[in-house]
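J.: Pasting in a structure now, in C-alpha cells, and then I'll have a few things to ask.
The values are calculated or read from the model by the stated rules, or taken from the named source; none is laboratory data. What you see is a predicted model; the values in this text were computed from it and never measured. Neighbour counts are summed over all protein chains in view; Cβ atoms, including those assigned to glycine, are modelled from backbone coordinates with ideal geometry. Just so you know, the surface numbers come from the protein's heavy atoms only, side chains and all, with ligands and any DNA or RNA stripped out. Shrake-Rupley method; radii C 1.70, N 1.55, O 1.52, S 1.80 Å.
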Amino acid sequence: MLHPPWRGRPLRLEGGPAEASLFSEIARHRGRYGGGVLRLLARVLPPDGVLVDGGAHIGLIAVAAASRVPAGHVHAIEPVSASADLLERNARAAGLSNLTVHRLALGGASGSGVMTVEDAFSAGAALAAPAAMAGAGAPSEVAVRTLDDWAEAVGLDRLDVLKLDIEGHEVAALRAGGRTLRRLRPAILAECNPPALLRAGADGAGELFEALAEVAPAVHWLGRGGHLRAVRTADQAVALARAEGIGDLLATPLPAGRPRGPRALAGAAAQRTAAAASAVRGRRGVRYVVEPVVSLTSVDPPPAAMGTGQECVWVVSLGNRGAEDMSGARTRHPLAVGARWRRTDGGLEECPRTPLPSVIRPGSDMVLRIPVVAPSTPGRHVLTVAAVQEHYAWLDAHGPRAELAMVVEVRPGAVSA
C-alpha cells in the first residue's frame with residue numbers, strides 16, 4: 001500500500017516476484033516511499049498539468065501523480081511488457097482515466113532495441129546495446145522512440161514535467177528531445193545513476209548535468225525529503241553523486257518575466273549556494289564509486305561448456321586504476337566481485353559474490369576466485385564477471401576493462417571437464 005505525501009486515499013499496487021524487493025522497501029517505509037519525487041511533483045505539477053513518465057515501471061510515480069492531477073494527464077512510458085501490464089492494472093484499480101500507457105522506450109534514436117531484465121528486480125530493466133548480447137541470442141525487441149518523434153506522433157502540446165528514469169539512457173533521450181523540450185519548456189526530473197549512465201555510453205553525472213543545463217539551465221539535486229540543492233557545474237554534480245549515490249536532478253528553465261509553477265520553484269532553489277553541494281562530501285562515511293576505476297583480467301576462465309547447475313570458479317585479477325582505496329571491509333556499501341549470466345531469454349541470473357578480502361591500493365591488483373554456478377536453462381548464455389558496490393550498483397562500465405564476458409554452452413545434465 002503506497003501512501004503519497006499528500007491528502008488522499010492510499011494506493012494499492014499489484015506486482016509479482018520481480019517486484020518483491022520494491023514492495024519490501026515500500027513496506028519498510030510504511031508506505032511512504034518515493035517521497036522526494038512525489039513531494040516535488042506535488043509542488044511543480046498543477047492540478048491540470050501533464051506529466052510524461054519515462055520508465056514508469058508498474059506505476060509507483062505515474063499512478064500516484066495521476067491521482068494528484070484529476071484535471072490533467074499522465075503519459076506513462078514503459079517498454080517491458082510484464083511491467084506495462086501491471087501498470088495498466090494498477091491504474092484501473094485506482095479508478096484512473098487520466099493515465100495512458102505507451103509500450104515503448106525513450107532513447108537517442110527511433111527504431112528498436114533489446115531489454116535486459118533481472119529476474120528478481122524488474123525495476124532495473126534497461127536497454128542494452130546489441131553488442132552486449134552477442135552470442136547469447138536475441139531477447140524480445142522493444143520499440144524505441146526519441147522524445148521528439150513520440151511527442152509529434154501523439155500530438156503533445158503541453159508538458160509540465162518530464163520524468164526520466166531509464167537506467168542510464170537519460171542523456172541520449174534528452175539530446176534527442178531538444179525540439180520538444182525547448183518548445184514546451186517543462187521541468188525535467190532525471191535519475192542520476194552514474195554506473196547506469198556509463199553503461200549506456202554517457203560520461204556519468206557530469207554529462208547528465210550538461211545535457212540538462214542545455215535545455216533547462218537551473219539544475220538542482222533532489223534530496224530524499226524533497227529538498228533541493230543548487231548544482232552549478234558538472235564537477236558539483238559528480239561530487240554529489242560521490243556522496244549521495246543514486247539520486248535525481250531537477251532542471252527547470254530560467255525565469256522569464258513573472259515566474260510561476262516550476263519556474264518559481266527554480267528561482268527560490270537557485271538562492272542556495274554552491275557551498276551546500278560541496279558540504280555533503282563524505283556524508284555518512286560512504287564514497288560511492290562514480291568514475292571509471294576498475295580493471296579486470298582473466299587468469300583462468302571457466303570451461304566453454306558446462307552442465308545445468310554445474311559449479312566451477314573463474315580466477316580473475318582485479319585492478320584498482322583509480323585514486324582511492326577499494327575496500328570490501330566497509331560496513332556500508334562494501335565492494336565485491338561476482339559473476340552473472342545473461343540468459344538467451346534476456347534475463348539476468350547472479351552467482352554468489354566474493355567480497356574483497358583486503359584493501360586494494362591505487363595502482364595495485366588482487367587475484368580472486370569467483371564462484372560460478374551454471375543456470376538451470378540450457379542454451380548459449382553469456383557469462384560475465386564484474387565488481388559490485390553492495391546495495392548500490394554493478395561497476396561493469398567503470399573502465400574499458402571493467403567487465404569480463406564469455407559465451408558458455410550450457411547443456412542438460414553434467415558435462416565432463
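J.: Residues of the range 297-314 being of a type in the set (S, T, Y) and either more than 13 Å from V410 (Cα to Cα) or open to solvent by 50 Å² or more (accessible area, probe 1.4 Å) (or both), which ones? I'd like the intermediate steps shown before the answer.
T.: Taking the range 297-314 as the starting set, the residues that turn out to be of a type in the set (S, T, Y) are 297-298, 308.
Those that are of a type in the set (S, T, Y) and either more than 13 Å from V410 (Cα to Cα) or open to solvent by 50 Å² or more (accessible area, probe 1.4 Å) (or both): T297, S298.
J.: Here's something else I'd like to know. Can you go through A82, A27 and tell me which one is at pLDDT below 85 and open to solvent by 30 Å² or more (accessible area, probe 1.4 Å)?
T.: Values: A82 fails: at pLDDT below 85.
Selected residue: A27, the only one of A82, A27 that is at pLDDT below 85 and open to solvent by 30 Å² or more (accessible area, probe 1.4 Å).
J.: For G204, are the conditions met, namely being at pLDDT 90 or above and within 26 Å of E390 (Cβ to Cβ)? Walk me through it before giving the result.
T.: Values: at pLDDT 90 or above: yes; within 26 Å of E390 (Cβ to Cβ): yes.
Against the criterion (at pLDDT 90 or above and within 26 Å of E390 (Cβ to Cβ)), G204 qualifies.
J.: Being open to solvent by less than 20 Å² (accessible area, probe 1.4 Å) and in contact with a Ser or Thr (Cβ under 8 Å, 6 or more places away or on another chain) is the filter; apply it to the range 59-79 and report the residue that is nearest to T116 (Cα to Cα). Can you show your working first?
T.: Pass one, the range 59-79, residues open to solvent by less than 20 Å² (accessible area, probe 1.4 Å): 59, 61-66, 69, 72, 74, 76-78.
From what is left, the residues that are in contact with a Ser or Thr (Cβ under 8 Å, 6 or more places away or on another chain) are 74, 76.
On the way: V74: 26, A76: 20 Å.
For the range 59-79, the residue satisfying everything is A76.
J.: Let me ask another. Filter the range 151-189 down to residues that are acidic (D, E) and farther than 24 Å from G113 by Cα and give me whichever is least open to solvent (accessible area, probe 1.4 Å).
T.: Going residue by residue through the range 151-189, those that are acidic (D, E) are 152, 157, 160, 165, 167, 170.
The next check asks that each one be farther than 24 Å from G113 by Cα; those that pass are 157, 160.
Working: D157: 126, D160: 25 Å².
Restricting to residues being acidic (D, E) and farther than 24 Å from G113 by Cα, the top hit is D160.
J.: Filter the range 72-86 down to the residues that are outside any strand (DSSP E or B) and in contact with a helix residue (DSSP H, G or I) (Cβ under 7 Å, 6 or more places away or on another chain) and list them by number.
T.: Keep residues of the range 72-86 that are outside any strand (DSSP E or B), which gives 72, 78-86.
Of everything in the range 72-86, just one residue is outside any strand (DSSP E or B) and in contact with a helix residue (DSSP H, G or I) (Cβ under 7 Å, 6 or more places away or on another chain), namely E78.
J.: Out of the residues in the range 198-212 that are free of Cβ contacts under 8 Å to residues at least 60 places away in the same chain and open to solvent by less than 30 Å² (accessible area, probe 1.4 Å), state the one that is nearest to D160 (Cα to Cα).
T.: Checked the range 198-212; the qualifying residue nearest to D160 (Cα to Cα) is L212.
J.: Is it the case, given these coordinates, that D248 is open to solvent by 10 Å² or more (accessible area, probe 1.4 Å), acidic (D, E) and over 26 Å from Y33 (Cβ atoms)? Talk me through it step by step, then tell me what you get.
T.: On the way: open to solvent by 10 Å² or more (accessible area, probe 1.4 Å): yes; acidic (D, E): yes; over 26 Å from Y33 (Cβ atoms): no.
Answer is no for this residue.
J.: Turning to a different aspect of this structure: Condition (residue is farther than 15 Å from V293 by Cβ and open to solvent by less than 30 Å² (accessible area, probe 1.4 Å)) applied to the range 319-326: is it met by at least one residue? Before the answer, list the steps.
T.: Initial filter on the range 319-326 (farther than 15 Å from V293 by Cβ): none.
No.
J.: Just the residues that are touching a residue at least 60 places away in the same chain (Cβ under 8 Å) and among the acidic types (D, E), please, taken from the range 286-334.
T.: Those that are touching a residue at least 60 places away in the same chain (Cβ under 8 Å) and among the acidic types (D, E): E291, E311.
J.: Read through the list (1) of a type in the set (D, E); (2) in a helix (DSSP H, G or I); (3) surrounded by fewer than 20 Cβ atoms within 10 Å (Cβ to Cβ); (4) touching a helix residue (DSSP H, G or I) at 6+ places or on another chain (Cβ under 8 Å), then give the number of the only condition that E19 fails.
T.: The number of the failed condition is (3).
J.: Go through (1) among the β-branched types (V, I, T); (2) open to solvent by less than 30 Å² (accessible area, probe 1.4 Å); (3) part of a strand (DSSP E or B) for T100 and report which single condition fails.
T.: Unmet condition: (2).
J.: Need the failing condition index for T344 against (1) within 27 Å of the chain's Cα centre (by Cα); (2) polar (S, T, N, Q); (3) modelled with pLDDT of 90 or more, just the number.
T.: It fails just one condition, (3).
J.: Filter the range 109-124 for residues that are touching a helix residue (DSSP H, G or I) at 6+ places or on another chain (Cβ under 7 Å) and either open to solvent by 60 Å² or more (accessible area, probe 1.4 Å) or at pLDDT below 90 (or both) and give the result.
T.: Taking the range 109-124 first, the residues touching a helix residue (DSSP H, G or I) at 6+ places or on another chain (Cβ under 7 Å) are 110, 114, 119-123.
Within the range 109-124, V114, D119, A120, F121, S122, A123 qualify.
J.: In the list A56, A62, A66, which residue meets the criterion of being over 20 Å from the mean Cα position of the chain (by Cα) and either among the hydrophobic types (A, V, I, L, M, F, W, C) or under 18 Å from A125 (Cβ atoms) (or both)? It would help to see each step written out before you state the result.
T.: Details: A56 fails: over 20 Å from the mean Cα position of the chain (by Cα); A62 fails: over 20 Å from the mean Cα position of the chain (by Cα).
From the options A56, A62, A66, the qualifying one is A66.
J.: In addition: Given the condition among the small types (G, A, S) and at pLDDT below 80, answer yes or no: does some residue in the range 44-62 qualify? Walk me through how you get there before you give the answer.
T.: Narrowing the range 44-62 to residues among the small types (G, A, S): 49, 54-56, 59, 62.
If we keep only those that are at pLDDT below 80 too, we end up with none.
The answer is no; no qualifying residue exists.
J.: Tell me, yes or no, whether the range 363-370 has at least one residue that is closer than 21 Å to M306 by Cα, more than 28 Å from the chain's Cα centre (by Cα), modelled with pLDDT under 95 and open to solvent by 40 Å² or more (accessible area, probe 1.4 Å).
T.: Scanning the range 363-370 turns up no residue that is closer than 21 Å to M306 by Cα, more than 28 Å from the chain's Cα centre (by Cα), modelled with pLDDT under 95 and open to solvent by 40 Å² or more (accessible area, probe 1.4 Å).
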